[in-house]
Amino acid sequence: MTLELLHSAELEIRLASFTQRDGWQVFPTADGISKTYVAPVASLSSVDFLFARPEQHSGESGLEMKIRRQPARRLQTLTKQNIGSPLVVIVDGIVISAPIIRSEIGADVFLTGFENREQAESVAKLINEKAKSRRKRAAR
């Protein structure tokens with residue numbers, strides 16, 4: 001699935017599960033087949049990122065990202081407590097990536113699970129546009 005992301009697109013990162021949990025919602029996935037149960041509250045949103053760039057590590061398309069200090073602390077606690085669980089990337093209400101938490105994550109992140117490099121580039125563009133917009137507002 002190639003994403004056409006607009007300035008108004010919303011991005012969230014949430015804890016998820018492949019099995020049902022009380023209070024968690026089923027979100028549609030990009031493939032239209034998989035069921036992913038998603039935590040009711042977002043762990044991060046597009047405003048929490050400083051920048052993102054698409055990268056390839058060991059043949060996997062992903063995003064190298066830098067997260068603002070306070071949100072990075074929240075993410076560090078969340079990932080430390082949930083190693084082995086999926087952490088989903090949601091764009092406009094659709095799960096586009098569901099990588100498994102392999103280790104504790106802080107301010108510097110490499111996030112995998114994208115369908116291809118183009119999808120990772122689209123998400124990076126969205127994050128960078130939101131970060132640029134936030135910096136412009138802060139400068140006023």
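Each value in this text was obtained by applying a stated rule to the coordinates, not by laboratory testing. In this text, all values refer to a predicted model and were calculated from it rather than measured experimentally. Glycine gets a Cβ as well: all are built from the backbone with ideal geometry, and neighbour counts include every protein chain shown.
DSSP beta bridges in the chain, what fraction antiparallel, as a percent rounded to 5? Don't skip to the end; give the middle numbers.
Working: 28 of 29 bridges.
The antiparallel fraction comes to roughly 95 percent.
Rounded, prolate or oblate: which fits the chain when a ≥ b ≥ c are the square roots of the eigenvalues of the alpha-carbon gyration tensor, with rounded for a/c under 1.5 and prolate only if a/b beats b/c?
Numbers: a/c = 1.40, a/b = 1.24, b/c = 1.13.
Rounded, since a/c falls under 1.5.
Mind listing the phi-derived Karplus ³J(HN,Hα) values for the range 105-121, rounded to whole Hz, using 6.51, -1.76 and 1.60 with θ = phi - 60°, and x for any glycine or proline?
In residue order, the calculated couplings are 10, x, 6, 9, 10, 10, 10, 10, x, 7, 4, 6, 5, 4, 5, 4, 5 Hz.
Considering amide H positions built from the backbone, and no H for Pro or chain starts, which residues 5 or more places from L44, or on another chain, come under 5 Å of its amide H?
Excluding prolines and chain starts, which carry no amide H, the hits are I13.
Tell me whether the range 27-107 comes out rounded, prolate or oblate; compute the Cα gyration tensor, take square roots of the eigenvalues as a ≥ b ≥ c, and use a/c under 1.5 as the rounded threshold.
Details: a/c = 1.42, a/b = 1.22, b/c = 1.16.
Rounded.
What is the spin-label model distance, in nm, from K35 to I83 if the labels are put 7 Å beyond Cα along the C-beta direction?
Here the answer is 2.9 nm between the modelled labels.
Give the total of Lys-Lys pairs in the chain with Cα-Cα distances below 19 Å; include a pair only if its members are 8 or more places apart or on different chains. Could the numbers behind the result be given before it?
Numbers: K66/K80; K66/K125; K66/K130; K66/K132; K66/K136; K125/K136.
So the count of such lysine pairs works out to 6.
Would you calculate the separation in nanometres between label points at K66 and E10, each defined as 7 Å from the Cα along the Cα-to-beta-carbon direction?
Placing both labels 7 Å beyond Cα along the Cβ direction yields 2.8 nm.
Determine the calculated [θ] at 222 nm for the chain from helices alone, applying -39500 (n - 2.57) to every DSSP H run no shorter than 4 residues and normalising by the residue count; nearest 500 deg cm²/dmol.
Values: 2 runs with 36 residues, N = 140.
So the helix-based figure for the chain works out to -8500 deg cm²/dmol.
Report the extension gain between A42 and E129 in nm, rounded to one decimal, defined as 0.36 nm multiplied by the number of residues separating them, less their alpha carbon distance.
On the way: separation 87, 0.36 × 87 = 31.32 nm, distance 1.97 nm.
Taking A42 through E129 to full extension adds about 29.4 nm, to one decimal.
5 Å is the cut-off here: which amide hydrogens, built 1.01 Å from N in the peptide plane, fall below it relative to Q25, excluding neighbours closer than 5 in sequence?
V38
Step through the residues of the range 91-104 one at a time and calculate ³J(HN,Hα) from phi using the Karplus curve (6.51 cos²θ - 1.76 cosθ + 1.60, θ = phi - 60°), rounding each to whole Hz and writing x for Gly and Pro.
10, 6, x, 10, 6, 9, 7, 9, x, 8, 5, 9, 7, 4
Going through the range 44-114, which trypsin sites (Lys or Arg not before Pro) have at most 16 other Cβ atoms within 10 Å and a DSSP loop state?
Working: sites: K66, R68, R69, R73, R74, K80, R102; in loops: R68, R102.
Here the sparse-neighbourhood loop sites are R68, R102.
For the range 11-17, take each phi angle, set θ = phi - 60°, evaluate the Karplus expression 6.51 cos²θ - 1.76 cosθ + 1.60, and give the result in whole Hz per residue in order, putting x for glycine and proline.
Residue by residue, the range 11-17 yields 10, 9, 10, 9, 5, 9, 8 Hz.
What is the extension gain from K136 to Q25, computed as 0.36 nm multiplied by their sequence separation minus the C-alpha to C-alpha distance, in nm to one decimal? List each step's numbers first, then the result.
Working: separation 111, 0.36 × 111 = 39.96 nm, distance 3.46 nm.
So the extension gain works out to 36.5 nm.
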